[in-house]
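For reference, the structure is listed below as structure tokens.
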Amino acid sequence: MQVKSFEEYQQVYRKSVEQPEQFWEEIANNFLWKKKWDKVLDWNFKEPKIEWFKGAKLNITENCLDRHLEKNGDTPAIIWEPNDPAEDHRILTYRQLHDKVCQFANVLKNNGAKKGDRICIYMPMVPELAIAVLACARIGAIHSVVFGGFSAQSIADRIKDAECNIVITADGGYRGNKEIPLKSIIDDALVQCSSVKKVIVLTRSRTPVSMIKGRDVWWEDEVKKVETQGNLDCPAEEMDAEDMLFVLYTSGSTGKPKGVVHTCGGYMVYTGYTFSNAFRYQPGEVYFCTADIGWITGHSYIAYGPLTQGATSVMFEGIPSWPNQGRLWDIVAKYKVNILYTAPTAIRSLMSFGDDALKGKDFSSLTKLGSVGEPINEEAWHWFNDKIGQGKCPIVDTWWQTETGGFMISPIAGITPTKPGYATLPLPGVQPVLVDENGKEIEGNGVSGNLCMKFPWPGMLRTTYGDHERCRQTYFATYPNLYFTGDGCLRDEDGYYRITGRVDDVLNVSGHRIGTAEVENAINMHSSVVESAVVGYPHDIKGQGVYAFVVCPNLHDDPELTKKDIIMTVARIIGAIAKPDKIQFVSGLPKTRSGKIMRRILRKIAEGDTANLGDTSTLLDPAIVDEIKAGAL
Ligand code: WT7
């Protein structure tokens, strides 16, 4: 599946556009199917209807596990590095991972799980998280992983939306010097969720937890039962290529997060192919993606993609800066990591520690580097290239989204000539177009516009859970017959793509996607708040910070205390990742005569660019702008 030269990439790319079905059929033949498809592709972007490999039967876990057993059963599948470097690391070979997945799949069955059920997973970054995910896939249950940084309320919203009947969690989890009381957060969430009948709790932190009779069971006890039953193997459920594999919630510009749905066949082919091709993964290489499985990057490029290719994937429980600023580099040296895939926000934060944190570290194992999550600034790119890659490792800047399932625009490591800040060229099978405001395609080079896709790819979302119309509205209605990404993009004179960031009301804070409307709703829950407007502003480490303009007319308390209360409210409603970095109290918001908040103006003020705010004469109360400008933080 890998191309070996730039010329070959160009040939393959051309073929993938001219004969997409034949192209993807050949790629799909590299995977294990119980039955092959009747038809490669059926689609329209109007409804939308997207069906890849219809009629084919498979189970993705047989591709991730069983098919490696004969030749590579003893190859490490997961190398797990604990939060605390003093704790022992763990290595799970493909055989061991297979056995544990089968065992836990039987635990799920014993607890009433069936094909098609939705199962919520809220766990720390331990191997059992990967095991839980794969065990769901093994029995055809649909997993909905919720990142450990989300609040009880966010979990409850997600559980209710997908009507999950089982939750898999742990007593607690570690991240740096923090301990997160996962089970207790789940208990708070479940007060609202009557659909949940079972909670399976892994022992990790040994923090005291409440266990409700009939509902809550310990992971370890349940595994023992399976062992006593001698019920160790679990045949893989036969899935249709278009059966749902998982739901993953992500934020948009309006309302509540939506459940992006991925299906078994296309997602498997797409993540496996893009992992293999973009990183040019070679057998034996050690690959380390620093993401959390709670995000799409972890789903596609810690779990599924690498495992379908028999790769060795390092999974890290902690954070790069704990217990010291050299932690990440120690992990790279400890496991002789060859491929390091991380995010610009992490790179900038590591860069800010200065060169001292790099002294004496051994980077010699590294051969390829990757970046994902937000546009990478040139300074960070060069630092990553020079200091970490020592000038000898190609950097693959992979542009993609929760909705795309896998890499879309990305260099092929060592093959595509790179340019700092550029995701470079579309991978084979990906057909990007830039359009103007009216949806008219902007052709040629040296242009910029809104980034869309004009042809489906196997890894794309199929729907948003329980609300197909919302999927149509969000992605396929802005420009007829195109998938709209929400990103702005420029294509330079060489045809290279550079993502310039979101053009909608979505923020990218430390690579986490946050909807401004969601944060506003949370802020407005605070009892003193009348209304608020949230925008992003450039932040040295996080990429974007959250700036909130808040109307709080009767501030009795100390304003600083009220700010803290508002921050606490947001953490309660959404989670710590959405906390505002700056809160400015204002007496009103700039609105048009029809009552629409003029975000453009607030964005400029937050960015500190108050010189040219544009035309403010159409505002309901133009004077408010001067007040806000004067009080800007
Ligand atoms: C948004 C998707 C896909 C994994 C992580 C984020 C931004 C992502 C890049 C990149 C510039 C990027 C886009 C995109 N983004 N990767 N390499 N260069 N921007 O997934 O949470 O679904 O967010 O992240 O704005 O739309 P996500």
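Values in this text are rule-based calculations from the coordinates and carry no lab data. Keep in mind it's a predicted model, so treat the numbers as computed, not measured. All Cβ positions, even for glycine, are placed from backbone atoms using ideal geometry, and neighbour counts span all protein chains on display.
Quick one: 3J(HN,Hα) in Hz for region 206-219, Karplus 6.51/-1.76/1.60 with θ = phi - 60°, rounded, Gly and Pro as x.
6, 6, x, 9, 8, 10, 8, 4, x, 10, 9, 10, 7, 3
Return the sequence-ordered ³J(HN,Hα) values of region 285-292 in whole Hz as given by the Karplus equation 6.51 cos²θ - 1.76 cosθ + 1.60 applied to θ = phi - 60°, using x for Gly and Pro.
5, 9, 10, 10, 9, 8, 6, 9
Tell me which residues come under 5 Å, amide H to amide H, from residue 172 once H is placed; ignore anything under 5 positions away on its chain.
182, 183, 204, 205, 206, 207
Check the straight Cα-Cα distances from residue 57 and name the aspartates and glutamates below 13 Å, setting aside those fewer than 8 residues away within the same chain.
38, 237, 238, 240, 242, 243
Determine the distance separating the Cα centre of region 105-163 from the Cα centre of region 183-214; give it in Å without decimals.
13 Å
Just report the Cα centroid separation between region 423-478 and region 215-250, whole Å.
35 Å
Determine the sum of side-chain charges near residue 491: Lys and Arg each +1, Asp and Glu each -1, restricted to other residues whose C-beta is under 11 angstrom from that of residue 491. Provide the component values of the computation, followed by the final result.
Values: positive: 498; negative: 443, 492, 493, 494.
Its environment carries a net charge of -3.
What order do you get for 38, 397, 84 when you list them from fewest to most C-beta neighbours inside 10 Å?
Final ranking by Cβ density, sparse to dense: 38, 84, 397.
I need 535, 145, 199 ordered by Cβ neighbour count within 10 Å, fewest first.
So the residues, fewest neighbours to most, are 199, 535, 145.
Going by a 4.7 Å Cβ-Cβ cut-off, which cysteines of the chain have no partner at all?
Here 64, 136, 193, 264, 289, 393, 452, 471, 489, 552 come out as lacking a disulfide-compatible partner, given the Cβ-Cβ threshold of under 4.7 Å.
Find which of 506, 282, 449 sits farthest along the positive direction of the dipole of the chain, computed with +1 on the beta-carbon of Lys and Arg, -1 on that of Asp and Glu, about the Cα centre.
Sorting the options by dipole projection puts first 282.
Looking only at Cα atoms, what is the convex hull volume of the chain per residue, in Å³?
Expressed per residue, the convex hull around the Cα atoms of the chain is 160 Å³.
Considering all projection directions equally, how large on average is the shadow of the alpha-carbon convex hull of region 29-98, in square nanometres?
Mean shadow area of the hull around the Cα atoms is 7.6 nm².
To make sure I understand, if each residue's beta carbon is the centre and we count other beta carbons within 10 Å, what order do 71, 582 fall in, fewest to most?
Ranked by crowding around the Cβ, least crowded first: 71, 582.
Per residue of region 405-422, what does 6.51 cos²θ - 1.76 cosθ + 1.60 with θ = phi - 60° give for ³J(HN,Hα)? Whole Hz please, x for Gly and Pro, Karplus curve as stated.
In residue order, the calculated couplings are x, x, 4, 10, 10, 6, x, 9, 3, x, 10, 7, x, 9, 9, x, x, 10 Hz.
What does the helix-only formula give at 222 nm for the chain: each DSSP H stretch with n ≥ 4 adding -39500 (n - 2.57), the total divided by the residues, and the result rounded to the nearest 500 deg cm²/dmol? Before the final figure, lay out each step's value.
Details: 18 runs with 178 residues, N = 633.
Result for the chain: -8000 deg cm²/dmol, rounded to the nearest 500.
Hey, which of these cross-link pairs are over 21 Å Cα-Cα: 334/419; 183/563; 160/564; 15/46; 160/197; 361/542?
334/419; 183/563; 160/564; 15/46; 361/542
Residue 387: which aspartates and glutamates have alpha carbons under 16 Å from its alpha carbon, excluding same-chain residues fewer than 8 sequence positions away?
Here the aspartates and glutamates satisfying the reach criterion relative to residue 387 are 330, 355, 356, 362, 378, 379.
Residues with amide H under 5 Å of residue 59's amide H, sequence separation 5 or more or different chain, H placed in the peptide plane at 1.01 Å from N; which?
Correct list: 34, 239.
For region 510-631, count the residues as N, evaluate 2.2 N^0.38 Å, and divide the Cα radius of gyration by that value, please. Walk me through the intermediate numbers first.
Working: Rg = 14.0 Å, N = 122, 2.2 N^0.38 = 13.7 Å.
Output field value: 1.03.
Set Lys and Arg Cβ to +1 and Asp and Glu Cβ to -1, take the dipole of the chain about its Cα centre, and tell me which of 310, 588, 345 lies farthest positive.
Result: 310.
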